[in-house]
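Working notes, structure below.
Derivation of every value follows stated rules applied to the coordinates shown; laboratory data play no part. Note that the structure is a prediction, hence the values are computed from the model and not measured. Cβ atoms come from the backbone with ideal geometry, glycine included; neighbour counts cover every protein chain shown.
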Amino acid sequence: MIKLDNVSKVFKLSRRQRKEMGSNVNNRILKAVDNVSFECKPGRVFSLVGPNGAGKTTILRMIATMLKPTSGEISVNGYNTITLPKKVRESLGFMSDNTALYDRLTVDEIIKYYADLNDIAYHDFKARKNELYDLLDMHEFASRRIAKLSSGMKQKVSIVRTMIHNPPVVVFDEPTSGLDVMTSRAIIRLIRNCRDEGKTVIFSTHRMGEVQSLSDDLAIIHKSKLYFNGTLKEFEAQMESDYFEDEFIKLTGEAS
Amino acid sequence: MKKTFVIFQKELKDMLRDRKTVFFMILFPLILIPVMMISVPKLFSDAEKKEQEKQLNVVLFGTEYSQELTAHFQSAENMIISMETDTTGMEKRLSNEVIDVAIVISNDFQSDINSMTPARIEVYHQSTDDMDVTKKKIRAILNTYSDSIIQKRFEMLQLKEEIVHPLDISFENFASPREIIGKMAGGFLPYIFVLFCFMGAMYPALDLGAGEKERGTLETLLVSPASRMEILMGKFGVITLSGLASAVFGLLGIFVGITQTGSNEASKVIEVLSEIIQPETIVLVLTLIIPIAVLFSALLLSISIYAKTFKEAQSIIGPLNILFFVPVIVGLVPGIKLDIYTALVPILNISLATKEVIAGTINGWLLVEVYAVMFILAFASIFFAAKWFNKEHVIFRT
């Protein structure tokens, strides 16, 4: 379970940043997230939807304890992100659009590294690794160095790295962005598996097709504010446009 | 602690698989220094030998004014002597390198010699890159001639040579060879270990900070159960080890260089070095390198983490290199010694203390002061790096 309660995040802007953003000199802060509340339940897929720069990544980073909320509270799996950040991270798997792997290590070495960071006992690690390798058909390239892998293979390694400690909560930050159809499908299959296993899944995207095919619940974020929070069915029921994408554009366009 | 070790192990493995880092950390100091120590002096001595053996084209003008001097030149080795009377075009022939030296003997040369007044000789040459060998050769011939004249004058005046040497000076140096060579080598050693320590720590720091940020792998670490401090210490340990290893390999490189030169001077140095290289000296020098490695690692990692990209980190770290070398150079200035004030100046204190340790003249209390200053600074730099690593605007700088 992930719960956000009136969460805001404010970044102080340096003079250089203000200049680069072309904003007013008096505007010394940037409100990246403005009073956002929502809940992601176990066994359901929650989509965080919004255009680029809406604040999706900032929310996910706060959930993953990389950033601290300026106000409000976040709890993950029952643990507060400020008071018990380590417990939060132990419950979490985080996957971004970037495969982010170490080129000079082998697949096995990388998986072992993240398993060790998550304090997994050797026996459990072996069993979990084999289970995931079987699922993703990875045994063949397990001893190969990352630099020698294709982007699809790297994505698989990235999935195993995220899931090796069998986390009850999984965060996907635009997981299919820039991926080919085959790899995108593998990720979508993984998200469904996580839901079927009863995990709490939150993923950010701006692809409305993915939202429609995967989500149980969704939140629409635009210009740091929450514009919709509810189930997919509720969203579809209040739609004025025929297509999902048109409705999204209409909603965010009206807000602009 | 366990996670720090996990990160340390992984970073070390990753670093050792990087050829560039291994080259800068091990091979560069271990090969480059001996190669430089052997080849550069050999290059100089070969070039000087070649110059010495080179035949000089010498033109003498006014030989009719001193047959004796002419005979001196004619008997010299490696010289082709020609005698001319007209100096027209002499300068052009010298600048075109048709001739190497032109010597003009003044027309009252012999009468000046006879009257015991200085006789004038003009020597024209064009020396730029021949190590002054031409000038040295001509001066040697003229000195021999001058000595023969003085000898004749002493005989003529029935004087003893001692008359021009009123003092019999004897200098006794009580400094042991260890002190002399130690102060010389001790001044040079900090150059090596500061340079290699910085270079050895630089590349891993760039890779483990800005490099990880750029590749996105830092984010995967930040969401792991490892705390920021554990991540920092794991990375910091590898960078420090790399800096230390590089400095030690640099010193080993010097030792290999000295033992391989094979010159007489080198054998004397080896003899003294075997006296210097005692376990306690090695331990003392190593303990002086440790705080420097810690300081460099913490600062380099802080900069690297702050930078958005590898390139940005490189552009900040580059000029810093010079900043760290200023105190090392100041340590070589004659007259600057380790005292209660210089012991307070970071890096300069290490430079001066190394000199004293190698020479065997270190004052225990001053050494304690140096350690105190450097370890306080090293811990402060780790503390700063830890604080820095916890700042959101540093880690997620846009």
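Qualifying GluC sites (Glu not before Pro) in region A:54-151, where qualification requires a DSSP coil assignment and no more than 14 other C-beta atoms within 10 Å, are lacking entirely.
Between rounded, prolate and oblate, where does region B:80-141 land on the alpha carbon gyration tensor, with a ≥ b ≥ c its root eigenvalues, rounded for a/c under 1.5, else prolate if a/b exceeds b/c?
Because a/c hits 1.5 or more and a/b fails to exceed b/c, region B:80-141 counts as oblate.
Taking the fewest neighbouring Cβ atoms within 10 Å as the starting point, the ordered list for A:ARG195, B:ARG120, A:ARG207 is B:ARG120, A:ARG207, A:ARG195. Inter-label distance, B:VAL22 to B:SER106: 7.2 nm, where each label sits 7 Å from its Cα along the C-beta direction.
Using the number of other C-beta atoms within 10 angstrom as an exposure proxy, rank A:SER158, A:SER143 with the fewest first.
Ascending Cβ contact count within 10 Å gives the list A:SER143, A:SER158.
Using the structure shown, list the pairs from B:LYS311/B:LYS391; B:LYS42/B:LYS135; B:LYS49/B:LYS92; A:LYS41/A:LYS112; A:LYS86/B:LYS213; A:LYS112/B:LYS213 with a Cα-Cα distance above 24 Å, or answer none. B:LYS49/B:LYS92; A:LYS41/A:LYS112, as the Cα separations exceed 24 Å there. Contact order normalised by length for region B:1-144, with contacts defined as Cα pairs under 8 Å and 6 or more residues apart; what percent is it? Result for region B:1-144 is 21 percent. Taken about its Cα centre, region B:56-160 carries a charge dipole of roughly 360 debye when the Cβ of each Lys and Arg holds +1 and the Cβ of each Asp and Glu holds -1.
Measuring r between the beta carbons of B:THR88 and B:GLU68 and using R0 = 22 Å, the FRET efficiency lands at 0.25.
In nm, what is the difference between 0.36 nm times the number of residues separating B:THR144 and B:THR281 and their Cα-Cα distance? Intermediate results must be reported in sequence, preceding the final value.
Values: separation 137, 0.36 × 137 = 49.32 nm, distance 4.93 nm.
Contour length minus Cα-Cα distance gives 44.4 nm.
Compared with the alpha-carbon gap, the fully stretched path from A:GLU234 to A:ASN166 is longer by 21.4 nm at 0.36 nm per residue. Take every pair of alpha-carbon atoms less than 8 Å apart whose residues are at least six positions apart; their mean separation over the length of chain A yields a relative contact order of 27 percent.
Put a dot 7 Å past the Cα of A:ARG28, heading toward its Cβ, do the same for A:LYS225, and the two dots end up 2.5 nm apart.
A convex hull fitted to the Cα coordinates of the protein assembly as shown yields 262 cubic angstrom per residue.
Listing B:SER170, A:SER96, A:SER37 from fewest to most neighbouring C-beta atoms within 10 Å gives B:SER170, A:SER37, A:SER96. Kindly provide the chymotrypsin sites (Phe, Trp or Tyr not before Pro) of region B:120-189 that DSSP labels as loop, not H, G, I, E or B, and whose Cβ sees at most 11 other Cβ atoms within 10 Å. When the chymotrypsin sites (Phe, Trp or Tyr not before Pro) of region B:120-189 are filtered for loop state and at most 11 Cβ neighbours within 10 Å, B:PHE171, B:PHE174 remain. If you model chain B as an ellipsoid using its alpha carbon gyration tensor, with each semi-axis the square root of five times an eigenvalue, the axes come out at 62, 26, 18 Å, biggest first. Looking at chain A, the DSSP beta bridges with both ends there are about 55 percent antiparallel.
The modelled label-to-label distance between B:PHE171 and B:LYS2, using points 7 Å beyond Cα along the C-beta direction, is 6.7 nm. Note on chain A: GNM, Cα springs under 10 Å; of A:LEU149, A:LEU48, A:LEU60, the largest mean-square fluctuation is that of A:LEU149.
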